[in-house]
Amino acid sequence: MFAQQRKALILDLLRQNGSVSLNELMDTFGVSEATVRRDLTELERANLLRRTHGGAVSGELSVYEEDYAKKESEYLEEKQSIARMCAELVNDGDTVLLDSGTTTFEIARLLRMKQITLITNSPSIISDVMNAPDCRMELICIGGRLRSNFRSIVGGEAEDFVRRMIPDKVFVAANGFSLEHGATTPAMSEASIKRAMVSVGKQVYLAVDSSKIGKDYLSVIAAAGRFDGIITDVGIDAVTFRKLREMGVPVITEHDSTILRSKGVGNMEISEIFKPENITLQLHGKTREEVIPELMEMLFRSGAISDQEEMVKAAMKREQEFSTGIGFAVAIPHAKSAYVNRTAIAFGRSSGVEWPTEDGVNPKMIFLIVVPLEARNRHLQLLAQISRKIVHEEVREKILNAKDANSVIDALG
């Protein structure tokens, strides 16, 4: 295939998908990475696309924004999945700041039965909530200039209003998200109020479906590391997922909620449930199939669970769906079940357990979390607290050198 044919096909792919990766183009055309890079460089010089880390995005996408009605039915199932995860993070009594957008509209629908205060710049959310007979929330509408086609309120007045708030949780939407540029959107006025929202929240989450991953737009909202969590669907590509984890950015999906860093989710402290009787400094098992039953046995003996066999099945089912070996020589298996009498953590230390991990390092520290079926997002709270501790090398060293169970508990204190 001639170079001009390849470049024409690259532009066709960009028009269809908005972005392409180097690997995708190499597989499609059967050419080397150097050839693909040369094609992309020439197309960028002609202002027909924009290079990104690992691929390219359409030059047309950087300033184009579909109106609300066109986006409303797109990726609805994914948006509803994201909404469920967001709702799990909100407790009665919270003050929630909710951005405009079709994803945040789905979030509002699940939040309206909670006793919270909701602040939003979305006329669609306001209309839906105020007319709902099951609504229990107090609603605060942000005033300012209305972008009618996009159903959002923006402008200096709206931003000033937002900056006078200190909400407990903020959920921001975006048109695109990439590792290089973070969250982006075509309209500068939208980016400006979203930045204001990001700046005021105690906890700030980005809610984007996987179709937006790898796409960049004109206006930057915030870098990936500015968010307390990226909430997306299971369609997120493995490379982005892994690199976010390496950056220490929490990723939350309904498939498996993996949180590597958090500034504090929920109000349950590890010290309340992490007990010496559920800690061993010498695991005998050498595989996760051997270690998980070993840890469950401790929880059964302490009365935290009522059926050891069923709990092992529950934890292994999660492992088959998605490995909980998070890297840093750490694994955090977890299970939610009716066989859990009370929330608990078991810990085991090893010279190395065979366990699929992102960094290829066998875990030496295994934290097993169990929560009752009705515990809602408690396992997320505990995952967040453990994870934000063990990303620090000095904490891991203290655990690996601990002489007794209390020293392990103190290391996480």
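The values are calculated or read from the model by the stated rules, or taken from the named source; none is laboratory data. Quantities reported herein were computed from a predicted structural model and do not represent experimental measurements. Reconstructed Cβ throughout: ideal geometry from the backbone, glycine too, with neighbour counts over all protein chains shown. SASA here: full protein model, heavy atoms, side chains in, ligands and nucleic acids out. Shrake-Rupley method; radii C 1.70, N 1.55, O 1.52, S 1.80 Å.
Name the single residue, out of those in the range 206-244 being within 16 Å of residue 104 (Cβ to Cβ) and in contact with an Asp or Glu (Cβ under 7 Å, 6 or more places away or on another chain), that is surrounded by the fewest Cβ atoms within 10 Å (Cβ to Cβ). Looking at residues that are within 16 Å of residue 104 (Cβ to Cβ) and in contact with an Asp or Glu (Cβ under 7 Å, 6 or more places away or on another chain), I get 233.
Looking across the range 23-37, not a single residue is open to solvent by 60 Å² or more (accessible area, probe 1.4 Å), in contact (Cβ under 8 Å) with a residue 12 or more places away in the chain and more than 32 Å from the chain's Cα centre (by Cα). Residue count for the range 269-284 under the criterion of being at pLDDT below 95 and open to solvent by less than 30 Å² (accessible area, probe 1.4 Å): the result is 3.
Applying a threshold of 9 Å to beta carbon distances and a minimum spacing of six or more residues, or different chains, the list of pairs starting in the range 292-311 at a residue that is of a type in the set (Gly, Ala, Ser) and ending at one that is surrounded by fewer than 23 Cβ atoms within 10 Å (Cβ to Cβ) and in a helix (DSSP H, G or I) reads 304/298; 306/300. Taking the criterion of being touching a Lys or Arg at 6+ places or on another chain (Cβ under 9 Å) and either free of Cβ contacts under 8 Å to residues at least 12 places away in the same chain or acidic (Asp, Glu) (or both), the residues of the range 220-244 that qualify are 228, 233. Taken over the range 334-367, residues that are open to solvent by less than 10 Å² (accessible area, probe 1.4 Å), touching a Leu at 6+ places or on another chain (Cβ under 6 Å) and farther than 20 Å from residue 393 by Cα amount to 2. In the range 182-196, the residue that is nearest to residue 121 (Cα to Cα) out of those that are in contact (Cβ under 8 Å) with a residue 60 or more places away in the chain and touching a helix residue (DSSP H, G or I) at 6+ places or on another chain (Cβ under 6 Å) is 193.
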